[in-house]
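The values are calculated or read from the model by the stated rules, or taken from the named source; none is laboratory data. Note that the structure is a prediction, hence the values are computed from the model and not measured. Virtual Cβ from ideal backbone geometry, glycine too; neighbours counted across all protein chains shown. Remember, those area values only see protein heavy atoms, side chains included, never the ligands or the DNA or RNA. Shrake-Rupley method; radii C 1.70, N 1.55, O 1.52, S 1.80 Å.
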Amino acid sequence: MKNLPEDFLEHMRRLLSPEELQRYVAGFGAEYYRGVRVNTLKCSAKKAKALLPFEMKRAPFCEEGFYIPFETQGLGLLPLHRAGAFYAQEPSAMSAVTVLGVRPGERVLDLCAAPGGKSTQIAAELCGKGLLWSNEIVKSRANILLSNIERMGVKNAVVSSCRPDRLCAALSGFFDRVLVDAPCSGEGMFRRDEAAISEWSAEHSRSCAERQLAILDSAAEALKDGGTLVYSTCTFSYEENEGVIERFLSSHSEFELVDCGADFGRRAMGKAVRILPEDGGEGHFAAKLVKKGELCDNTSAFYAVKTPESAAAMKLYDELFIGRPFGERFEVVGDKVLLLPEAEIPALHGLGVIRAGLLFGEIKKNRIEPCHALFMAAEPDTLRSSCSLSSNDERLARFYRGEEIAIDGDLSGFTAVLADGITTGFGKAVGGTLKNRYPKGLRK
């Protein structure tokens, strides 16, 4: 116990029996939990288990979540990871979206979204329908969030970097569900990150609670009456968990705490859920709140304006895909051509929007060049031209390094590259050679 702050141990004594606390502290010398979540937008769990080179054991926190061996290395370099078939994620971190209970077609806000694990889990639950709005106030982290949204093939998202109070005031009453996975003191990370222990203090935990409450106050405004708000953290602190919920409810009579419906972890406040290592995850807390009252939607719709560039984009669209799989709502912003989500979206101006929908292409010298994100969101049966390679094909490794590769001479023009049948990028086929278009920043 000598390496753990005494203030931290004191509040753990209030949560755990002496025997549980002893087991918790003893667990610091054991292997911590590692996991992956299969991205059902691009791959089935059955296929992932058959193709990935490590054992996968079902985790209780999410239908598509699995434990993987502690010693597993190089996840980010695996072809299926590059193709967005799975997301490496601490298992209990998957619990909050399960509690949120997303349904296809809904409007969902992930207010503190980076690096994107929970946002991409929400996207999979939406099944490409409805709208996901993923926000991260720190711009550098928001760019990482966008990268993961693109890798996982999400087509119906808006990614922004905006203050929660400003964003939620502008989007008042718009969302069916809101997730606040709040910045916290990170006690659930102690077993796997010694730096988290050294950076912890009781004062920091108290300041986190104040910030968390302010974010929740903002989130309340963005939610429709009758909508669902889930508050989650990866800390054990009563002050940051139960304390924040109690203070929020005392000033928001329009909300009530409801049963989280979880069949994992242990109950907190009778209806919320807390997960500790003894429960199979590093640490998480989630509380589910429902907003009472009549249905209200105060936002105005935003519709794209057709331009000469969008007409040219439509021609390229039909050359690349069968059946226009991402809808037809083009918008041109500077030299970028976007395919907006098919769901109604509110006015975007002034909300720090980094990306709305799919980046279709870039305008270069009076032509439109398609972009990586467009192909990453494509299902194989919508592609007019594709080249499928197995994960152990040396040509796939060369493709990821940015090299040209030999392909079927019958293929021509912009051609998608599939890793074990999952879209992972594209190039331009010319005379049996694929000219590489894999993004330079991703090449390894």
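For a straight C-alpha distance cut-off of 17 angstrom, the aspartates and glutamates reachable from LYS428 (same-chain residues fewer than eight places away being disregarded) are ASP318, GLU319, GLU362, GLU369, GLU403, GLU404, ASP408, ASP410.
Please report Rg over Rh for segment 1-105, where both radii come from the alpha carbon positions and Rh follows the Kirkwood definition. Kindly include the intermediate steps, with their values, before the conclusion.
Values: Rg = 17.3 Å, Rh = 16.0 Å.
So for segment 1-105, dividing Rg by the Kirkwood Rh gives 1.08.
In this simple spin-label model, placing a label point 7 Å from the Cα along the Cα-to-Cβ direction at both LEU348 and ASP217 gives a separation of 3.1 nm. A full extension of the chain between VAL430 and GLU278 corresponds to an added length of 49.1 nm, given 0.36 nm per residue minus the alpha carbon distance. Taking the square roots of 5 times each eigenvalue of the Cα gyration tensor of segment 203-244, largest first, gives ellipsoid semi-axes of 22, 11, 6 Å.
Sort 257-264, 214-221, 92-99 by packing, meaning the average of other beta carbons within 10 Å per residue, with the highest value first.
On the way: 257-264: 16.0, 214-221: 20.1, 92-99: 27.4.
Output ranking for 257-264, 214-221, 92-99: 92-99, 214-221, 257-264.
Restricting attention to the chain, close to 70% of DSSP beta bridges with both partner residues there are antiparallel.
Per residue, how much accessible surface does the chain expose to a 1.4 Å probe? Answer in Å², no decimals.
Details: 18540 Å² over 444 residues.
Spelled out: the 1.4 Å probe surface of the chain, per residue, equals 42 Å².
Sorting check: for 310-317, 286-293, which peptide has the highest mean count of neighbouring beta carbons within 10 Å, and how do the rest follow? Could you put the intermediate results ahead of the total?
Values: 310-317: 17.0, 286-293: 20.1.
Sorting 310-317, 286-293 by mean packing, highest first, produces 286-293, 310-317.
Span-like helix criteria (full DSSP H runs; alpha carbon extent of at least 30 Å along the helix axis; mean Kyte-Doolittle hydropathy of at least 1.0) are satisfied in the chain by no helix.
Here r is the Cβ-Cβ distance between GLU369 and GLU20 and R0 is 45 Å; the resulting FRET efficiency, rounded to 0.05, is 0.20. Placing a label point 7 Å from the Cα of ALA50 along the Cα-to-Cβ direction, the residues of segment 421-444 whose backbone N falls under 18 Å of that point are 421-423.
Roughly speaking, to the nearest percent, how much of segment 305-444's 1.4 Å accessible area is carbon and sulfur? Mind dumping the intermediate values first?
Numbers: 3180 of 6450 Å².
The value for segment 305-444 is 49 percent carbon and sulfur by accessible area.
Restriction of the GluC sites (Glu not before Pro) in segment 314-384 to DSSP coil positions whose beta-carbon has at most 14 other beta-carbons within 10 angstrom yields GLU328. With equal scatterers on the alpha carbons only and no solvent term, can you work out the Debye log10 of I(q)/I(0) for the chain at 0.07, 0.10, 0.12 1/Å? Log-scaled intensity ratios, in q order: -0.37, -0.74, -1.02. Measuring nothing but how far apart in sequence close Cα pairs (under 8 Å, 6+ apart) lie, relative to its length, the chain scores a relative contact order of 14 percent. Taking a straight line from the alpha carbon of LYS42, these lysines sit under 19 Å away, with near neighbours fewer than eight places off in the same chain left out: LYS118, LYS129, LYS155. For segment 78-228, the fraction of 1.4 Å probe accessible surface lying on carbon and sulfur atoms is 47 percent.
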